[in-house]
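Comments concern the structure below.
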There are 2 protein chains.
Amino acid sequence: MTKLEEYKKINKELSHLAHAVNLMYWDMQTTAPDGAKERLSESITYFSTEIFKKSTSDEIYKLVCDLSDPIEFDKLDDVMKFDITKAKKDLDEKRRIPADFYEEYVKTTTNSSMIWPKAKQTNDYALYEEPLKKTIEAVKKYQKYKRPDMEVYDSLIDQFEEGMDTATIDRVFGELKEELVPLLEDILSKPQPDHSKFTMFIPAHKQAELCKMLVEYMGMDMNCFAQAETEHPFTTTIAPRDVRITNHYHENDIIQPIFSAIHEGGHAIFEQNVDHKYDDTAGGQINLMGLHESQSRFYENILGRNINFWKPIWPKVLEIIPEFKDITLEEFVREINHVQNSFIRTEADELTYCLHVILRYDIERAIFIDGADVKELPKMWNELMEKYLHITPKTDAEGILQDMHWSDASFGYFPSYLLGSIYDGMFLEAIEKDLGSIDDILAAGDIKKITKWLNENIHQYGSTRTSKEVLDAVCHKELSAQPLIRYFKEKYKKIYG
Amino acid sequence: MTKLEEYKKINKELSHLAHAVNLMYWDMQTTAPDGAKERLSESITYFSTEIFKKSTSDEIYKLVCDLSDPIEFDKLDDVMKFDITKAKKDLDEKRRIPADFYEEYVKTTTNSSMIWPKAKQTNDYALYEEPLKKTIEAVKKYQKYKRPDMEVYDSLIDQFEEGMDTATIDRVFGELKEELVPLLEDILSKPQPDHSKFTMFIPAHKQAELCKMLVEYMGMDMNCFAQAETEHPFTTTIAPRDVRITNHYHENDIIQPIFSAIHEGGHAIFEQNVDHKYDDTAGGQINLMGLHESQSRFYENILGRNINFWKPIWPKVLEIIPEFKDITLEEFVREINHVQNSFIRTEADELTYCLHVILRYDIERAIFIDGADVKELPKMWNELMEKYLHITPKTDAEGILQDMHWSDASFGYFPSYLLGSIYDGMFLEAIEKDLGSIDDILAAGDIKKITKWLNENIHQYGSTRTSKEVLDAVCHKELSAQPLIRYFKEKYKKIYG
């Protein structure tokens with residue numbers, strides 16, 4: 001065997017091990033009975049440990065170093081060039097982290113992950129304060145080992161959205177919030193629609209049928225797709241050609257499941273359409289979270305909340321959900337674009353959602369750049385809620401304790417959600433330039449033309465192009481929040497007058 | 001680490017690998033999209049190969065030999081004594097099979113497995129004849145390597161039902177068929193019930209709900225149980241405390257799914273109730289197929305086709321399946337005990353089923369003991385059908401080609417099904433001696449008392465007691481078909497007069 005063959009063989013084995021872990025997670029969430037979960041956790045731990053050992057072994061590091069040697073590297077095709085470059089960078093970084101510190105790091109974050117749900121349940125920030133403080137210290141130390149020459153917060157952002165940095169985010173989030181706060185004030189002063197028509201009982205299996213129809217309509221390859229019900233909706237790629245989404249059916253609120261399906265469907269269509277030449281290599285694993293989120297949010301908000309998305313399929317919707325017979329398409333679209341101030345990010349509408357993310361970014365910035373005192377964070381949270389949304393949480397549970405991200409050390413993740421929407425504004429412009437008005441395409445029932453455009457311009461490259469490279473190639477311009485702002489203003493002027 | 005600890009560590013790893021394989025098979029049958037199946041097969045092959053390598057390695061063989069040494073062996077507890085004895089025997093047998101022959105054996109049986117479905121579909125025995133012949137030769141050679149001192153057919157039977165042999169089966173199957181053929185002739189001369197009331201449409205999700213209720217009623221531990229829909233019903237233990245069954249819902253024939261659920265439920269209750277001290281050891285893997293089948297068939301036939309099983313739950317059945325409102329309990333029980341001659345084993349009733357198995361046993365005997373010509377088997381099949389059931393298949397597809405067992409070399413498996421029923425006759429006697437009339441227990445809604453008796457007398461021991469040892473301990477007598485015959489005569493006299 002050549003070194004390349006040896007390396008590929010190990011990577012294929014790693015794929016089989018990942019297949020087992022992914023399927024076990026899926027089973028844990030969807031099917032496994034409660035009594036089985038302890039053993040399931042043990043098996044997940046066993047396979048995850050095997051993956052860790054195999055992917056960081058001296059054997060694989062030596063192969064990666066050998067294949068990184070200019071003479072060997074030159075012989076590789078593009079797929080393997082990307083893979084080896086990424087592997088070398090990741091392994092070099094991992095190997096800079098001392099083993100004893102890594103153990104301490106895992107203990108610290110595991111502890112804060114365990115304490116956070118209790119703190120949230122009992123609305124007790126004091127309980128969480130010390131574990132959070134320790135996690136922040138551990139994260140700082142971890143990043144300093146990993147990338148000694150980089151600012152900690154830039155490094156955190158880069159790990160979820162390669163090539164992104166604080167300066168860029170400051171700029172685009174700044175543009176956005178300047179326009180958004182007054183726009184929102186204006187909207188909220190207008191009359192709001194009546195929600196009561198949308199609380200009728202619709203059985204879960206009918207909701208599942210509707211959701212399946214919707215993702216198929218969007219262009220999902222149903223031959224490589226499955227769906228199931230879980231506590232929280234998510235998308236997972238179990239193995240190449242095996243992408244699955246989950247949903248949670250609320251029998252008295254069908255709107256939530258509908259938009260979860262469209263959102264997760266967007267993630268899944270991205271995953272399905274990565275070129276299969278990247279299977280079992282780094283290019284096939286999409287770790288650009290902003291770009292990923294841009295795809296789910298494009299379908300969810302820009303397409304799914306547009307009246308023209310629904311026009312061609314409204315008779316089909318009524319066929320599956322006859323309970324909608326007394327609702328007009330206009331009433332439905334009004335309902336799904338209902339803007340209102342609220343405390344919980346995951347329940348927020350398209351517009352206020354942006355401010356929920358900006359608030360979190362402000363706090364992460366304060367922690368990692370200004371060295372804010374962890375004790376002061378709840379106060380900071382509430383002040384920012386008042387500033388952006390003019391409401392104040394009654395408890396920390398519906399304030400700073402609501403999200404799990406910080407408890408498991410995922411600092412730097414939150415900005416991805418909003419970056420996704422900002423990219424979407426730009427993608428919308430690019431698509432309309434290439435294909436004409438989105439309204440017309442949707443009204444003609446041609447949503448699959450849009451999906452094809454996304455496949456060709458974004459999805460097929462997997463993670464081999466950073467978001468910046470995608471924007472350069474597709475939009476030929478610098479990142480800017482202006483297109484998103486224009487989209488918001490036009491859209492909500494039509495709705496709220 | 002001591003040698004025992006080392007051995008247990010490897011066995012635990014093997015359990016994790018088996019967990020992955022079992023879950024992947026489950027996923028293949030229940031959820032995985034078609035596009036995912038090629039990779040799923042690859043992953044299953046990868047993990048199965050890892051299991052084969054790990055479980056037959058020189059490393060584990062040396063540990064097993066060391067722990068089999070009298071001084072070491074004496075120090076083991078009973079669980080590990082059983083495990084080591086079994087492992088030593090299995091490994092010694094496996095190591096007697098030459099590697100090059102084993103490869104040839106796998107090729108031969110894989111080939112006949114691939115050709116059989118085509119032969120069945122096209123009703124072409126000639127296509128299958130040569131592969132079948134080669135499989136029989138390979139099986140004979142395999143068994144001669146494995147157990148040079150044993151008759152081939154005895155060895156085949158022993159591998160599915162340890163301790164069983166041809167002489168015993170000749171005797172009990174002989175007793176049974178002598179009584180069964182005239183009993184059947186008598187029954188078939190009587191008026192038969194009208195089936196047409198039972199073909200109404202009942203949606204799959206209602207059938208699933210009923211089946212869940214039934215297995216829960218039987219005493220399933222719902223905390224360690226899951227069910228799903230597949231092409232053919234089966235039971236699988238994914239890992240300790242994780243037993244699952246599947247069903248196939250026929251929307252115009254609810255009777256089949258009901259009895260599949262009760263049958264698989266019986267298998268699952270056995271699996272669930274093996275003492276957990278046997279987890280990750282040989283005692284926990286029940287490879288006594290006759291005993292296993294006795295448990296599924298006890299619930300399916302002896303309990304499930306008894307009117308008293310249904311009396312306490314009939315109102316609940318009507319609540320879930322209101323489509324039954326015009327059917328009386330008596331009509332229902334008459335329908336589920338409808339005896340009729342038919343060609344297909346898997347669709348046969350409790351009584352004719354016995355003769356389907358005896359026919360297959362006769363043919364296996366002819367092949368391995370009398371050296372019958374493979375070309376003559378279809379003729380032999382049809383003559384036996386005429387002799388036992390007085391009907392002749394119109395095609396080989398509904399005759400000798402109907403079952404997959406021979407195509408994948410599972411000769412010796414068929415007798416297990418009927419041995420299970422013969423054990424059931426004896427278990428019925430023992431239970432009634434210990435607990436009183438089954439009719440009364442069932443009518444009082446106390447089926448869980450019977451389940452508890454089975455748990456304590458049979459299930460908890462897993463495979464550490466052979467069927468013969470179970471019968472000795474529980475019934476205190478030799479294997480005999482008389483109790484089953486008595487049960488048949490009494491039961492069907494009541495039904496058919």
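The values are calculated or read from the model by the stated rules, or taken from the named source; none is laboratory data. Because the structure is predicted, anything quoted here is derived from the model rather than measured. Quick reminder, even Gly has a Cβ in these numbers, built from the backbone with ideal geometry, and neighbours come from all protein chains shown. With ligands, DNA and RNA removed, areas are computed over all heavy atoms of the protein, side chains included. Shrake-Rupley method; radii C 1.70, N 1.55, O 1.52, S 1.80 Å.
Taking a straight Cα-Cα cut-off under 19 Å and skipping sequence neighbours fewer than 8 places away in the same chain, the aspartates and glutamates within cross-link reach of B:K37 are A:E13, A:D27, A:D221, A:D242, A:E271, A:D275, A:D279, A:D280, B:D27, B:E229, B:E231.
Counting pairs of alpha carbon atoms under 8 Å apart in space and at least six apart in sequence, what relative contact order in percent does chain B give? Each step should come with its number before you reach the end.
Numbers: 624 pairs, mean separation 97.4, N = 497.
Averaging sequence separation for qualifying contacts and normalising by length gives 20 percent for chain B.
Ordered from largest to smallest accessible area (heavy atoms of protein chains, 1.4 Å probe), the residues A:W314, B:W310 come out as A:W314, B:W310.
If you count, for every residue in B:238-246, the Cβ atoms of partner chains within 10 Å of its Cβ, what is the mean?
Values: counts 9, 8, 4, 9, 10, 3, 4, 0, 0.
Average neighbour count from other chains, rounded to a whole number: 5.
In the stretch A:33-76, one over the average inverse separation of all distinct C-alpha pairs is 12.9 Å, which is the Kirkwood hydrodynamic radius. Please name the residues of the stretch A:206-226 whose accessible area, counted over protein heavy atoms with a 1.4 angstrom probe, falls by no less than 40 Å² between the chain alone and the full protein assembly. Residues meeting the cut-off: A:N223. For the pair the stretch B:385-453 / the stretch B:307-326, the C-alpha centres are spaced 25 Å from each other. Only beta bridges with both residues in the protein assembly as shown are counted; by DSSP, about 45 percent of them are antiparallel. Chains A and B together bury some 2800 Å² of accessible area, summed over both sides, with a 1.4 Å probe. In this view, the solvent-accessible surface of A:H248, computed with a 1.4 Å probe and all protein chains in place, comes to about 50 Å².
Determine the shape class of the stretch B:440-497: with a ≥ b ≥ c the square roots of the Cα gyration tensor eigenvalues, call it rounded for a/c under 1.5, and otherwise prolate if a/b is greater than b/c, oblate otherwise. Since a/c reaches 1.5 but b/c is at least a/b, the shape of the stretch B:440-497 is classed as oblate. In chain A, the longest principal axis of the Cα atoms and the axis of helix A:377-389 are about 40 degrees apart.
Rounded to whole Å, give me the distance from the Cα center of the stretch A:80-109 to that of the stretch B:256-290. What the calculation gives is 45 Å, centre to centre. Sorted largest first, the spans of the alpha carbon positions of the stretch A:3-96 along the three principal axes are 55, 27, 18 Å.
Provide the per residue accessible area, probe 1.4 Å, for the stretch A:38-115, rounded to a whole number of square angstrom. Please list the in-between numbers first.
On the way: 4440 Å² over 78 residues.
Per-residue accessible area for the stretch A:38-115 comes out at 57 Å².
With +1 assigned to the C-beta of every Lys and Arg and -1 to the C-beta of every Asp and Glu, and no other charges, what is the dipole magnitude of the stretch B:166-496 about the Cα centre in debye, to the nearest 20? Before the final figure, lay out the partial values.
On the way: 34 positive and 54 negative charges, 108 e Å.
Once rounded to the nearest 20, the dipole reads 520 debye.
Among the residues of the stretch B:3-35, those with an accessible-area drop of 40 Å² or more from chain alone to full protein complex, heavy atoms and 1.4 Å probe, are B:H16, B:H19, B:L23, B:M24, B:D27, B:T31, B:P33, B:G35. Largest accessible area first, the residues B:H390, A:H405 order themselves as B:H390, A:H405 under a 1.4 Å probe with ligands, DNA and RNA left out. Counting lysine pairs in the stretch B:294-428 whose alpha carbons fall under 24 angstrom apart, excluding pairs fewer than 8 residues apart on the same chain, gives 6. Roughly how many Å is it from the Cα centre of the stretch B:155-211 to that of the stretch B:334-360, as a whole number? So the two Cα centres are separated by 5 Å. Taking every alpha-carbon pair within the stretch A:166-496, the share separated by more than 31 Å comes to 32 percent. Note on surface exposure: B:R39, A:R96 rank A:R96, B:R39 by accessible area, highest first, 1.4 Å probe. Each listed q (0.11, 0.15, 0.16, 0.19 Å⁻¹) maps to a log10 I(q)/I(0) for the stretch B:155-308 from the Debye sum over equal C-alpha point scatterers, namely -0.58, -0.96, -1.04, -1.20.
Secondary structure note: in the stretch B:197-349, about 45% of the DSSP beta bridges are antiparallel. Rounded to the nearest 10 degrees, the angle from helix A:255-272 to the longest Cα principal axis of chain A is 40 degrees.
About its Cα centre, the dipole of the protein assembly as shown is roughly 60 debye, where the only charges are +1 on Lys and Arg Cβ and -1 on Asp and Glu Cβ.
Just how large is the dipole of the stretch A:3-96 about the Cα centre, in debye to the nearest 20, putting +1 at every Lys and Arg Cβ and -1 at every Asp and Glu Cβ?
Numbers: 17 positive and 20 negative charges, 29 e Å.
It comes to approximately 140 debye.
Is the shape of the stretch A:381-431 best called rounded, prolate or oblate, per the rule: a/c under 1.5 gives rounded, else a/b larger than b/c gives prolate, else oblate, with a ≥ b ≥ c the square roots of the Cα gyration tensor eigenvalues?
Verdict is oblate for the stretch A:381-431.
Could you point to the residue in A:Y128, A:Y353, A:C65 farthest towards the positive end of chain A's charge dipole, with +1 and -1 charges on the Cβ of Lys/Arg and Asp/Glu respectively? Comparing the listed Cα positions along the dipole, A:C65 ranks first. Distances between placed amide hydrogens fall under 5 Å for A:D349 paired with A:Q340, all partners being 5 or more residues away or on another chain.
Would you work out which of A:H405, A:A18, A:Q29 lies farthest towards the positive end of the dipole of chain A? Charges go on Cβ: Lys and Arg +1, Asp and Glu -1. So the residue furthest toward the plus end is A:A18.
B:S48 contributes about 50 Å² of solvent-accessible surface, heavy atoms of the protein only, 1.4 Å probe.
Take every DSSP beta bridge whose two residues both sit in chain A, then give the antiparallel share in percent to the nearest 5.
The answer is about 45 percent antiparallel.
Per-residue 3J(HN,Hα) values for the stretch A:163-168, derived from phi via the Karplus relation 6.51 cos²θ - 1.76 cosθ + 1.60 with θ = phi - 60°, read x, 8, 8, 4, 4, 5 Hz in sequence order (x marks Gly and Pro).
Could you give the accessible area per residue of the stretch A:155-261, probe 1.4 Å, as a whole number in Å²?
Numbers: 4330 Å² over 107 residues.
Value for the stretch A:155-261: 40 Å² per residue.
Couplings 3J(HN,Hα) of the stretch A:284-291, computed from phi: x, 9, 7, 9, 8, 6, x, 5 Hz, in residue order, whole Hz [Karplus 6.51 cos²θ - 1.76 cosθ + 1.60, θ = phi - 60°; x for Gly and Pro]. Taking the C-alpha atoms only, the angle from helix B:482-496 to the longest principal axis of chain B is near 30 degrees.
Quick one: pull the percent of accessible area on the stretch A:3-96 belonging to carbon and sulfur, 1.4 Å probe, ligands and nucleic acids left out. If you can, show how the numbers build up before the last one.
Working: 2410 of 4650 Å².
Within the stretch A:3-96, the accessible surface is 52 percent carbon and sulfur.
Under the shape rule built on the C-alpha gyration tensor, where the axes satisfy a ≥ b ≥ c, the stretch A:247-372 is oblate, since a/c reaches at least 1.5 while a/b does not exceed b/c.
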